[in-house]
Amino acid sequence: DPLVEGRFETHGRTLVFVPGKLDPATLYTVTLQAGVGVAGSDVRLEQDVRLRFETGTTPTSTKEPDIALGRAVIEASPADKPVIVIAVYSPEEGTPTTRIAVEVYRLPDSDAALAAARLIADAPGWAQFSSAGLVSTAGLQRAMAFEATLQPIDWGSHWFRLPDRLERGAYVLVIPREGRDRQALLQVTNIASYAAASSTRSLVWVNEVGGGPLAGVSATLDGGPRLGRTDARGLLVFDTPPALRTDVSALHLIILDAPDGERVFVPLGVRPRVSSYLSEIYGWSDPDPSAERYWSLLSTDRPLYRQSDTVYLWGFLRERDSGRVPADATVSLRLVDWYAAADRPAIASARVSP
């Protein structure tokens with residue numbers, strides 16, 4: 001999508017689609033549908049597999065820096081001037097970018113906001129030329145347009161502040177570019193929300209900024225079932241529906257409807273695009289799958305040792321489901337790095353009794 005005429009070729013175990021012609025500056029989506037199988041086997045693809053690529057355009061000599069908004073969906077309080085985090089990748093030549101143009105457009109209603117949320121959150125952050133996945137600002141009320149002064153954070157990340165506060169509602173934040181504009185959905189609301197999904201149980205937590213937990217907030221999975229309402233703690237815990245359980249990492253939107261009629265959207269499966277939200281990008285996991293059954297913490301007495309030193313450590317270990325403390329465990333020292341597997345032989349090990 002969009003449709004391309006072409007032909008299929010078979011090379012051994014590889015099936016190749018050769019397109020007749022691809023248009024420039026176009027985002028293409030290729031979907032291999034569930035049910036595809038291999039001759040002589042009863043194994044079938046259990047769910048759709050989708051990949052995307054973008055065609056380029058005529059090379060230009062522009063020295064315009066590449067810019068990425070930190071989040072596809074941003075929240076801000078109506079009591080504050082919103083702060084926006086971006087990443088700036090300046091070209092090798094030329095002066096560093098310190099000011100950028102910014103435009104903010106108000107969306108007319110919650111239906112328009114939902115459509116924008118679906119579009120922006122699903123748009124690939126790496127696209128450079130096509131307009132696919134961008135909200136058209138034609139006919140939208142422009143709330144502000146200004147030149148932002150960038151303040152550095154780290155690793156190419158910067159922040160800037162909008163010149164004024166915004167009324168409650170949903171907005172499209174736009175950074176105009178010569179190629180593809182950068183966009184984010186800006187939700188100005190007093191509702192602070194958090195959601196987490198697993199393959200078994202999931203939760204939504206809703207609070208009012210400065211006001212504590214919000215009870216009675218209805219949560220619905222976009223395109224799926226109603227999940228329930230938050231309790232007096234602002235918490236809703238529910239069995240993960242099949243749509244989330246099948247592909248936890250795919251894009252999903254949870255729609256929150258507060259008792260006063262305000263509506264906000266919580267995205268799941270949308271990764272932040274800059275290092276300032278690093279904790280939202282990475283979830284470190286243990287190579288041993290049984291480690292997920294335990295609450296665990298391990299700390300050494302100091303970070304630097306001589307080869308002749310004794311390493312003292314303390315830790316915490318308890319089964320998640322039963323709360324039981326194991327009778328014994330093994331602590332091991334292994335050599336690992338960013339790229340090597342963690343299953344190398346242990347340099348040293350010791351049996352411990354928690």
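List of remarks:
- Based on C-alpha pairs under 8 angstrom that are at least 6 apart in sequence, region 114-215 has a relative contact order of 19 percent.
- Calculated [θ] (222 nm, deg cm²/dmol) that DSSP helices of n ≥ 4 give over the chain, each run adding -39,500 (n - 2.57): -1500 deg cm²/dmol
- Given in Å, the Rg to one decimal and the Dmax to the nearest whole number for the Cα atoms of the chain are 24.7, 72.
- Were the residues from residue 41 through residue 201 laid out at 0.36 nm apart, the gain over their Cα-Cα distance would be 54.2 nm.
- The packing ranking, built from the mean of other Cβ atoms within 10 Å per residue, places the peptides 171-179, 185-193, 159-167 in the order 185-193, 171-179, 159-167, highest first.
- Taking 37, 125, 212 in turn, the Gaussian network model of the chain (Cα-Cα springs below 10 Å) assigns the largest fluctuation to 37.
- Packing, taken as the mean count of other beta carbons within 10 Å per residue, orders the peptides 107-113, 11-17 from highest to lowest as 107-113, 11-17.
- Where both bridge residues fall in region 53-197, DSSP classifies roughly 90% of the beta bridges as antiparallel.
- FRET efficiency, 1/(1 + (r/R0)^6) with R0 30 Å, evaluated for residue 304 and residue 330 via beta carbons: 0.80
- The accessible surface of the chain, taken with every protein chain in place and a 1.4 Å probe, is 52 percent carbon and sulfur.
- Per-selection metrics, region 124-232 (Cα): Rg and Dmax in Å: 17.9, 49
- The residues of the chain expose, per residue, 63 Å² of accessible area to a 1.4 Å probe.
- Peptide ranges 194-207, 139-152, 42-55 listed from the most packed, as the mean C-beta count within 10 angstrom indicates: 194-207, 139-152, 42-55
- The chain, relative contact order in percent, only Cα pairs under 8 angstrom and at least six apart counted: 12 percent
The values are calculated or read from the model by the stated rules, or taken from the named source; none is laboratory data. Computed from a prediction, not measured in an experiment: that's the story for all the values here. Positions of Cβ are generated from backbone atoms using ideal geometry, with glycine treated the same way; all protein chains shown enter the neighbour counts. The protein model used for the area step is the full one, side chains on, heavy atoms only, and it has no ligands, DNA or RNA in it. Shrake-Rupley method; radii C 1.70, N 1.55, O 1.52, S 1.80 Å.
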